[in-house]
Amino acid sequence: MTKKQRALLAIEGLKELYPDAVCSLNYREAYELLISVRLSAQCTDARVNIVTQVLFEKYPTLESLANASYEEIEAIVRPCGLGKTKAKDIVEMCKMLIEQYGSVVPDTMEELLRLPGVGRKTANLILGDVYHKPSVVTDTHCIRICGRLGLTDGSKVPLAVEKQLWKVLPPEESGDFCHRLVLFGREYCTARSPKCNACPLRETCCKNPVSK
């Protein structure tokens, strides 16, 4: 079985398990998703959703966030960890969106990576969820599970995993596949003590040989 064949089996298996592939972060506007993903670094999505509900109620517009002080934002986002750094990135990101992009979140990888605090994971999520472009979001679930399934060589480096997945995933399936990996990683393929005996994808797992 080739890696592309294994990927197709995993895609179909995850579709059956989780037909509704959606981002687990709550947002209404594209800039809110940018902020939520920045806050999610070293923090659970559940906690981020609690924090952003408060944040976006107090600062309901891009302009209000851009005009806030670092200290004001930090006081709200502190439960997500790295409060000082994340608060500064949020304020500077909002300022840059207003001043350089006409308050519109850019739709290319190159421009997104110019924004403070935005890396490839965030940029790919924006491209996929907001602009419906092919995207590969290499979060911890994606990296762990794709290594176990034999879709990658087991690398823990996000960019290396992303490059390998571009070679085996159909572009039109990539974004939803990554969303489903999050759900699958929480329910079955957990970081510790994965439920291998009950796993619906156990026949697809990397215990089966893969041809190059």
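The values are calculated or read from the model by the stated rules, or taken from the named source; none is laboratory data. Predicted model only: the values in this text are computed from it and were never measured. When we count neighbours, we look across all protein chains shown, and the Cβ atoms used for this are built from the backbone with ideal geometry, even at glycine.
Of all residues in the range 11-43, those satisfying the criterion of being over 16 Å from Ile76 (Cα atoms) and at pLDDT below 95 are Asp20, Ala21, Val22, Cys23, Ser24, Gln42. In this structure, is Pro194 over 14 Å from the mean Cα position of the chain (by Cα), surrounded by 14 or more Cβ atoms within 10 Å (Cβ to Cβ), assigned to a loop (DSSP other than H, G, I, E, B) and outside the structural domain of Leu14 (by TED's automatic domain parsing)? It is false that Pro194 is over 14 Å from the mean Cα position of the chain (by Cα), surrounded by 14 or more Cβ atoms within 10 Å (Cβ to Cβ), assigned to a loop (DSSP other than H, G, I, E, B) and outside the structural domain of Leu14 (by TED's automatic domain parsing). Selection of the range 151-176 for residues being touching a helix residue (DSSP H, G or I) at 6+ places or on another chain (Cβ under 6 Å) and closer than 17 Å to Gln5 by Cβ yields Leu151, Thr152, Val168, Leu169, Glu173. Annotation note: Cβ proximity below 6 Å between a residue of the range 133-161 that is farther than 20 Å from Thr204 by Cα and a residue that is assigned to a loop (DSSP other than H, G, I, E, B) (sequence gap 6+ or interchain) occurs for Pro158/Thr138.
Being touching a Phe, Trp or Tyr at 6+ places or on another chain (Cβ under 7 Å) and not in a loop (DSSP other than H, G, I, E, B) holds for only one residue in Ile145, Ile126, and it is Ile145.
Of all residue pairs spaced 6 or more apart or on separate chains, those with beta-carbon atoms under 9 Å, a first member in the range 98-120 that is at positive phi and a second member that is surrounded by fewer than 17 Cβ atoms within 10 Å (Cβ to Cβ) and in a helix (DSSP H, G or I) are Ser103/Glu63; Gly117/Thr85; Gly117/Lys88; Gly117/Glu92.
Select from the range 149-162 the residues that are more than 15 Å from Gly119 (Cα to Cα), out of contact with any Cys (no Cβ under 8 Å at 6 or more places or on another chain) and either assigned to a helix (DSSP H, G or I) or among the basic types (Lys, Arg) (or both) and list them in ascending order. Answer for the range 149-162, where residues must be more than 15 Å from Gly119 (Cα to Cα), out of contact with any Cys (no Cβ under 8 Å at 6 or more places or on another chain) and either assigned to a helix (DSSP H, G or I) or among the basic types (Lys, Arg) (or both): just Lys156. Within the range 108-118, the set of residues being closer than 18 Å to Glu32 by Cβ and part of a loop (DSSP other than H, G, I, E, B) comprises Leu115, Pro116, Gly117, Val118.
Scanning the range 40-72 for residues that are of a type in the set (Asp, Glu) and over 22 Å from the mean Cα position of the chain (by Cα) returns Glu57, Glu63, Glu71, Glu72.
Taking the condition over 17 Å from Leu14 (Cα atoms) and among the acidic types (Asp, Glu), does Glu203 pass? Please lay out each step first, then the result.
On the way: over 17 Å from Leu14 (Cα atoms): no; among the acidic types (Asp, Glu): yes.
No: the conditions fail for Glu203.
Residues of the range 18-27 include at least one that is surrounded by 17 or more Cβ atoms within 10 Å (Cβ to Cβ), free of Cβ contacts under 8 Å to residues at least 60 places away in the same chain and aliphatic (A, V, I, L, M). Only helices (runs of 4 or more DSSP H) whose full extent lies in the range 1-107 are considered here, and the ones with at least 3 residues that are farther than 29 Å from Asp153 by Cβ are 30-39, 45-58, 62-66, 70-77, 83-101.
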